[in-house]
Every structure is written in structure tokens, then in C-alpha cells.
2 protein chains.
Amino acid sequence: MLGVDPGLVGTGWALLEPGAAAPLVVDTGVIETSAGLPLAARIQTIYDAIHVVLDKLAPDLMVLEDLYTEYRFPRTALLMAHARGVVCLAARQRGVEIVTLAPAEVKRAVAANGAASKEQIQHCVQRLFRLAELPRPSHVADALALAFTGYLRAGGRWS
Amino acid sequence: MLGVDPGLVGTGWALLEPGAAAPLVVDTGVIETSAGLPLAARIQTIYDAIHVVLDKLAPDLMVLEDLYTEYRFPRTALLMAHARGVVCLAARQRGVEIVTLAPAEVKRAVAANGAASKEQIQHCVQRLFRLAELPRPSHVADALALAFTGYLRAGGRWS
């Protein structure tokens, strides 16, 4: 189960696999793009890198956040949506099913609080997976939280 | 010069080429996707169809609208941005340069009014290119208006 948190500046991803008691973190990463490049070049970087991740890890499911109805930063949200578009395209091209989850559901699942801050999510995810370090940037913590919530949604198991 | 007006429901495109006195309409079209399909499938349809257009028409330039800072329908804008992302990706993959224009500049160029309505743009574009019928849907008129404004920007000529 691959959680992906798309963003133009940074796109976090995290692969979980079933473990004896809880899901295990197989790999995580962040795709970063330089603000000095044209938008189309940055989008291509994200698209190419997600294809590399999909080819390497071969997940059967991708978990994304639902689109909100209100964003605090509309322009950032529009740029995020460009990235989300090519991430969805790559999943589709590789036959990876996409599940979307409400942000509040994800926050409740990892922090028992549907309005948890980014920092709280990072700390909760670190504890949840007993990570030696705080997952950074927050996109990686969000991707882990998405994959974990997708795992719970699937009844705590998946084939 | 290829004008493209991306949208999830309909993506209009229009190719102009230099003429003796004014640019000529070579071809126009609209890529439509069904609301019954998953988002990723609709985005893939747009991506594949834009690649077909680029391969067939081999434009040297693609003209898009700038992103606004305020949209009347934020959710529609976010879905448009998914489509715009894969349109930019396709252009980049084919080495087609992208130019973006402010909506008000485009409206002024074809309707002498930076706040013209969609219907006004359709009628102005019909007159401008002496089209037998009103360009429909409005995405096609917008794509023609974008390509025309790109033409003016290039000093009324391009190589």
C-alpha cells in the first residue's frame, strides 16, 4: 500500500506492507523540484519519479487525500493539483488502483484528532512506526499516515 | 500555435497558422470525458488525446491561460488543474514550449473588453475568424482566443 502526498515543491511517498501485528514501513521518500524550473519541467520530474517508485515497489494500491473544498492557500492548492494529476496518471498507467481518504479520517487514525497539526502528525507517525527520527519533510509523514489509514480501512490486512 | 483550454469535462484546443493577412484556423477540437469514470481514467483520456493532437499537428508553441488567484468554483478549478498538469506534461514530453497569458489580456485581444463573458468571447471569435458557426463548446472558443492572443504577442507573426 503506497501512500502519496503530492505537492509541487515536495511529493512524499511511503510503502507499507503487512506485518505480524502491524504494518511495516518498507520504504519512504520525497520527490523535490526546484522553484527555478518551469512548471512543466517540475511536473515532469514528479511524473518520472513516481513511475520509478511504482516500477520498483509495484504496489497494488495507492492512497491519496481527497480534494478539500476549502484551501488556505488557493494557488498552492492549484499547483498541488497539477502534481496530483500526474501522480494519478502514473498510477493509472501502471494499473495501480487509487483510494482517496478524507484528511480528517487520516488525522483521526494516526493522532486521534481530526484537526491535528502537521507537527502532531509527524510525531504520531514517528511513535506509531517506532521510527528513529522524525519523518521529514511533513509530506513523508503524511504519506505514511495515508498508507496506515488505508491499511485500517482494509480491515487491518490486505492481500 | 496551439491554444489549449484544459478542463476535466472538456478540454478545447485550436491550431492557428500564419496567413497572408491574419492567422488561419487549421483545426480545432474538444476532448470530452465522462463524469461516470474515475478521475484517473478521465485524466488519462485527456493526456492520451493531447498526445495525439501534438503528434498530428506538431505545434512549436502551446498557449495556456495563467492560473488565477481567485476562482468562483474552487473544486472545478482543482479538477481543471489536474487536467492542466497532464497537458503541460504532454507538451514537455514532446518539446513544445508553453506560453501562459492572463485571462484579461486574452479577453481584451478578442473582445476589446478584459471582462467579456464566455458568450461574448464565442461571438467575437466567430467574427474574428469568419466561422460559419459559433465555436462550441466555449472551451474551443477560448482555445482559439488563446492562440490568437499568442499570435499578437509574437508581433502578429511567428516562424
I'd like the orientation of helix A:74-93 relative to chain A: the angle between its Cα long axis and the longest Cα principal axis, in ° from 0 to 90, rounded to 10. 80 degrees
Ascending list, in nanometres, of distances separating the B:Asp48 label from those of the other copies (7 Å, Cα toward Cβ): 2.5
Enter the angle in degrees (range 0 to 90, nearest 10) between the Cα long axis of helix B:138-153 and the first principal axis of the Cα atoms of chain B, meaning the one along which they spread out most. 50 degrees
Alpha carbon centre of the range A:102-119 versus the range B:103-159: separation in Å? 46 Å
Shortest first, in nm, what separates the label point of A:Ala112 from those of the same position in the other copies (7 Å along Cα→Cβ)? 6.9
With at most 16 neighbouring Cβ atoms within 10 Å, loop chymotrypsin sites (Phe, Trp or Tyr not before Pro) (DSSP) excluded, longest segment of chain A: A:72-157
Can you compute the charge dipole magnitude of chain A about its Cα centre, using +1 on each Lys and Arg Cβ and -1 on each Asp and Glu Cβ, nothing else charged? Give it in debye, rounded to the nearest 20. 200 debye
About the Cα centre, and with charges only on the beta carbon of Lys, Arg (+1) and Asp, Glu (-1), how big is the dipole of the protein assembly as shown? Nearest 20 debye, please. 380 debye
Across peptide B:34-45, what mean number of C-beta atoms from other chains lies inside 10 Å of a residue's C-beta? 4
Compute and list, largest first, the equivalent-ellipsoid semi-axes of chain A from the alpha carbon gyration tensor, each √(5λ) rounded to a whole angstrom. 23, 18, 14
Placing a label point 7 Å from Cα toward Cβ, how far apart in nm is B:Arg136 from its equivalents in the other copies, listed shortest first to one decimal? 5.8
Where the centroid of each part is defined by its Cα atoms, how far is the range A:44-99 from the range B:1-75 in Å? 21 Å
At 7 Å along the Cα-to-beta-carbon direction for both A:Lys118 and B:Asp55, put a label point, then send me their distance in nm to one decimal. 4.0 nm
Run through the DSSP bridge list for the range B:2-153 and note the antiparallel percent, rounded to the nearest 5. 65 percent
Test of understanding: extend the Cα→C-beta vector of B:Ala22 to 7 Å, then name every residue of the range B:70-113 with backbone N under 19 Å from that spot. B:106-113
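Every read-out reported here was derived from the displayed coordinates using simple, explicitly stated rules and does not represent laboratory data. A quick note: this is a predicted structure, and the numbers were derived from the prediction, not measured. Cβ sites come from the backbone with ideal geometry, for glycine too, and all protein chains shown count toward neighbours.
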